[in-house]
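S.K.: Can you read through this structure? Questions will come right after.
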Amino acid sequence: MPCIVVVGLQWGDEGKGKIVDILAEKSDAVVRFNGGSNAGHTVVVNNTKYVFHLIPSGALHGKKLIIGNGVVVDPIQLYNEIEFLKKNGINVDLHISERAHVVLPHHKFLDSSLDTKHGLKIGTTRRGIGPAYSDKMSRRYGLRMREYVESNFRNILKKIVRGKISILRLYGFKKSFEKYLDEVYSEYSFYAKELKKYVSNTTYLLNKLIDENKTILFEGAQGTLLDIDHGTYPYVTSSNTIAGAACTGSGISPKKIDKIIGVFKAYVTRVGLGPLPTEIRDEKIADRIRSIGSEFGATTGRPRRIGWLDLVALKYAEKINHTDFLAITKIDVLGGIDRIKICVKYVLNGEDTEIFPSILENIEPRYIELKGWRELSREEWREIASSGYNTLPREIIKYIECIEEILEKPIKIISIGPSREETIFRQI
Ligand code: IMP
């Protein structure tokens, strides 16, 4: 049975959480393979909004949840999410890779310090993600879950803090070596004890599940254009966010992946700094989309920047992920806008191009315009969801088919509202 990878094709916040939540119902396990608590997955069930940062979105279905080696784990955040699920009577069948790295307080300190006072401002989530991955890659100050939950945690921590303290000082870290060590040890050893039972060799577990023909869902965090290698560097996150990362971040072969689903929003958003070629300058339209679409960061609460759908970027993301089919989300949000723009080309140095370049500063988007559709009530959207694709307003069908034609990929899932019920599945 299949291994299905779900990835975002834009700058994150495409609504992957909802799609994963729906698909999780028919899956045996859900796997996170990249990022950390910088991600924010919002799922709405029975009018209650759940936001997860580390726990895979399948949690609400009580499925097997796996946090792969490619994730950086903030123990406090994870513990709180586990406790939240338990309090809500949800069974937590969680397995954390012993190879996943741990986010410590100095990572968060560095993340904030680098983003505010020192160096390039990226507009990070300040969850310590970049510094934790930097320590992993540098191989000198990384801490993996296995070492963290074992009894020699204090000694390892001591070595890490001793090695890092002079670097931290350069960025304004004031606490003494002893004070910081004692504080972190006393706070974090509690979480180590609490999380120990969930830590295992998830590589074997996952491959065993695959051998047993289980259905496994790999839930991408962030989006393709935030990928450390393929995104709008340096305004990206610090992990690989593309479908290929499902393998490196969990320990399975690319040959085991059966399906890749790419999720994109009917418009684009981004939080933080960095290029957004189709950013909407008309504040009335941008504000309207932001407020109807609740476009505020799930992790930081920051207002998201809003842009028209960018098919140059989307086609590039599609190429890297080579999806089997696409899911479009939040198409309902665009209701009530007279003319909808779609970017189909860029102009670079006076020439048209359909290439997504590595430097975006000098490009200008070229649009086509389609007629918009009226604003519909939630009841009307629900009615459409239960009656099927052909009952969508004609203009929406045209919008969808225009995207399919340019991307040469079918859009099989259409999300027209936040709840599970407001989703159309197309058999094409
Ligand atoms: P970091 O991942 O916290 O280092 O932030 C780097 C960039 O990625 C910033 O622009 C963040 O706003 C963005 N980012 C990180 N995680 C997400 C996400 O889940 N959704 C959208 N943007 C994100």
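We did not get these values from a lab; they are worked out from the coordinates using the rules stated. Values in this document were obtained by computation on a predicted structure and should not be read as measured data. As a convention, Cβ positions derive from the backbone with ideal geometry for all residues, glycine included, and neighbour counts pool all protein chains shown.
S.K.: Do the alpha carbons of any pairs in LYS315/LYS398; LYS16/LYS412; LYS197/LYS255; LYS16/LYS196; LYS86/LYS179; LYS117/LYS174 sit beyond 22 Å of each other, and which pairs?
M.R.: Result: LYS197/LYS255; LYS16/LYS196; LYS86/LYS179 exceed 22 Å.
S.K.: What's the center-to-center distance, using Cα atoms, between the stretch 235-282 and the stretch 1-72 in Å?
M.R.: Between the Cα centre of the stretch 235-282 and that of the stretch 1-72, the gap is 14 Å.
S.K.: So what are the ³J(HN,Hα) numbers for the stretch 16-27, from phi and the Karplus equation (6.51, -1.76, 1.60; θ = phi - 60°), rounded to whole Hz, Gly and Pro as x?
M.R.: So the J values, rounded to whole Hz, are 5, x, 5, 5, 5, 4, 5, 5, 5, 4, 9, 10.
S.K.: May I ask you to sort ASP111, ASP324 by Cβ crowding, counting other Cβ atoms within 10 Å and putting the fewest first?
M.R.: Fewest-to-most ranking of ASP111, ASP324: ASP324, ASP111.
S.K.: I need the trypsin sites (Lys or Arg not before Pro) found in the stretch 212-302, filtered to DSSP loop residues with at most 14 other beta carbons within 10 Å of theirs.
M.R.: Here the sparse-neighbourhood loop sites are ARG281.
S.K.: So if each residue of separation counts as 0.36 nm, and I subtract the Cα-Cα distance between ILE428 and ARG154, what length gain in nm does that give?
M.R.: 93.0 nm
S.K.: Would you mind calculating the gained length between LYS87 and SER186 on full extension (0.36 nm times residue separation, minus the Cα-Cα distance), in nm to one decimal?
M.R.: Stretched fully, the LYS87-SER186 segment lengthens by 33.1 nm.
S.K.: Another question, then. Counting other Cβ atoms within 10 Å of each Cβ, which GluC sites (Glu not before Pro) in the stretch 179-236 have at most 11 and sit in a DSSP loop?
M.R.: Answer by residue number: GLU212.
S.K.: Rounded if a/c is under 1.5, else prolate if a/b beats b/c, else oblate: with a ≥ b ≥ c from the C-alpha gyration tensor eigenvalues square-rooted, which is the chain?
M.R.: The shape class here is prolate.
S.K.: How far is it, in nm, from the label point at ASP338 to the one at PHE296 when both lie 7 Å from their Cα along the line to the Cβ?
M.R.: 3.0 nm
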